[in-house]
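Before any comments, here is the structure.
Computed from the coordinates by the stated procedures, all read-outs in this text should not be read as laboratory data. Predicted, not measured: the structure shown is a model, and the values here were computed from it. Please note: Cβ atoms are built from the backbone with ideal geometry, for glycine as well, and neighbour counts cover all protein chains shown.
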Amino acid sequence: MRGPTLSRVPSFTIGRASSTAEVAAVHVAWAAAEGWNPGLHDAAAFFGADPEGWFVGKLGDRPVAAGSAVRYGEAFAFMGFYVVEPAFRGRGYGFELTRARLEHLGDRITGADGVVHNLEIYRRIGLELAWLNARRMLEYPAEVEASRLTVPLDAVTTDALVAYDRAGAFPAERRTFLEAWRAMPEAVGRAVVEGEKLRGWGLRRRCRDGWKVGPLVADEPELADALFRDVVADADGPVTIDVPGVNPAAVRLADRLGLPTVFETGRVYRNGVPAIDASRQYGITSLELG
């Protein structure tokens with residue numbers, strides 16, 4: 001842990017995780033205990049995105065609260081992994097941790113994905129609802145016919161992924177994260193390339209239970225359909241994808257594929273809403289990092 005900071009709650013100190021192992025042991029493990037089904041290999045990519053962004057609140061040596069505040073440059077940030085141990089809820093520890101995270105992020109546009117029943121709490125701290133997301137599930141991937149129109153993600157450079165992000169698919173550069181995300185063990189990535197132009201890409205990663213697809217980004221609905229079909233091909237368990245309600249074409253695609261909703265969240269922002277091309281977004285990379 002990095003050096004602790006004082007809190008307004010007596011005997012409660014706030015520090016930061018200093019390694020992938022600490023993030024795996026606290027943030028990711030607690031998310032798994034909450035039923036959020038994180039990926040088996042998420043910790044390295046998450047920590048590498050911003051090693052200064054992994055907050056842990058302690059009573060003595062015992063972690064009782066955790067949350068992330070990942071900065072993407074000077075203008076954008078994303079908060080996630082907010083968990084207070086059940087036995088310590090309702091005592092102000094979570095509020096103190098979130099206050100420290102917001103101070104760390106300053107005046108950046110800051111996003112988060114919160115469970116629906118907590119959206120009023122987010123509003124009280126300045127995070128306003130922008131749209132709803134729905135986690136949709138494909139229980140039997142073998143029933144989906146592959147398109148065979150895509151290529152392995154290895155055929156695409158990280159420079160191309162970064163450029164696609166910056167063309168509107170994501171509101172900030174995240175090269176370090178994308179380098180780690182695409183190289184994650186037990187992941188399957190596909191892309192659509194026309195000539196030398198990247199038209200979309202998607203990735204499936206192994207989770208505690210089944211798989212998750214994220215991101216799924218494409219220029220057109222037909223390309224998103226092809227990507228989803230090829231990304232989920234050969235999956236040996238259920239696959240989920242977090243569909244942003246801000247893109248009606250993404251919702252229609254999930255409906256057409258017969259994917260039921262199993263969970264809902266709200267995308268909230270503080271200090272404004274970033275400029276993104278919502279029409280390209282068919283599946284969120286991660287509810288924890290945006």
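Rounded to the nearest 5, the antiparallel percentage of DSSP beta bridges internal to the chain is 90%.
The alpha carbon centroids of the stretch 246-290 and the stretch 172-194 are separated by 19 Å. Count Lys and Arg as plus one, Asp and Glu as minus one, and take only other residues whose Cβ is under 13 Å from that of Ala160; the net charge is then -1.
Just going by the charge dipole of the stretch 134-283, with Lys and Arg at +1 and Asp and Glu at -1 on Cβ, which of Pro171, Ala142, Gly283 is farthest out on the positive end? The one lying farthest along the dipole's positive direction is Pro171.
Candidates Gly80, Gly94, His104 compared by Cα position along the dipole of the stretch 5-107: farthest toward the positive end lies Gly94, with charges placed on Cβ. Of the labelled options [x] 22.3, 76; [y] 18.6, 61; [z] 23.2, 86, which one gives Rg and Dmax of the Cα atoms in Å as computed for this structure? Evaluating Rg and Dmax of the Cα atoms in Å on these atoms matches [y]. Placing +1 on the Cβ of every Lys and Arg and -1 on the Cβ of every Asp and Glu, with nothing else charged, gives the stretch 5-107 a dipole about its Cα centre of roughly 360 debye. Across the stretch 104-121, rounded Karplus estimates of 3J(HN,Hα) from the backbone phi angles (6.51 cos²θ - 1.76 cosθ + 1.60, θ = phi - 60°) give 4, 7, x, 9, 4, 4, 10, x, 7, 10, x, 4, 4, 6, 9, 5, 5, 5 Hz, Gly and Pro being marked x.
At q = 0.18, 0.19 Å⁻¹ the log10 of I(q)/I(0) for the stretch 65-157 amounts to -0.90, -0.95, computed by Debye summation with a single uniform scatterer per C-alpha, solvent ignored. Each Lys and Arg Cβ is given +1 and each Asp and Glu Cβ -1; about its Cα centre, the chain then shows a dipole of about 880 debye.
Across the options Ala49, Pro63, Ala191, the greatest Cα extent toward the positive end of the charge dipole of the chain (unit charges at beta carbon of Lys, Arg, Asp, Glu) belongs to Pro63. Computed on the Cα atoms alone, the convex hull of the stretch 48-104 gives a volume of 83 cubic angstrom per residue.
The 3J(HN,Hα) values that the Karplus relation (6.51, -1.76, 1.60; θ = phi - 60°) gives for the stretch 52-60 are, in residue order, 8, x, 10, 8, 9, x, 10, 10, x Hz. Gly and Pro appear as x. Dipole magnitude for the stretch 62-123: computed about the Cα centre from +1 point charges on Lys and Arg Cβ and -1 point charges on Asp and Glu Cβ, it is near 180 debye. Of the trypsin sites (Lys or Arg not before Pro) found in the stretch 8-113, the ones in coil according to DSSP and having at most 14 other Cβ atoms within 10 Å of their Cβ are Arg8, Arg89. Taking amide H as placed 1.01 Å from N in the peptide plane, the amide H of Tyr82 sits under 5 Å from that of Ser68, each at least 5 places away or on another chain. The 3J(HN,Hα) values that the Karplus relation (6.51, -1.76, 1.60; θ = phi - 60°) gives for the stretch 174-184 are, in residue order, 9, 4, 4, 5, 5, 4, 6, 5, 5, 8, 4 Hz. Gly and Pro appear as x.
Just in the stretch 134-170: which trypsin sites (Lys or Arg not before Pro) are loop by DSSP and have at most 12 other Cβ atoms within 10 Å? Loop-located and lightly packed - Arg148.
Once the GluC sites (Glu not before Pro) in DSSP loops with at most 16 neighbouring Cβ atoms within 10 Å are cut out of the chain, the longest remaining piece is 197-290.
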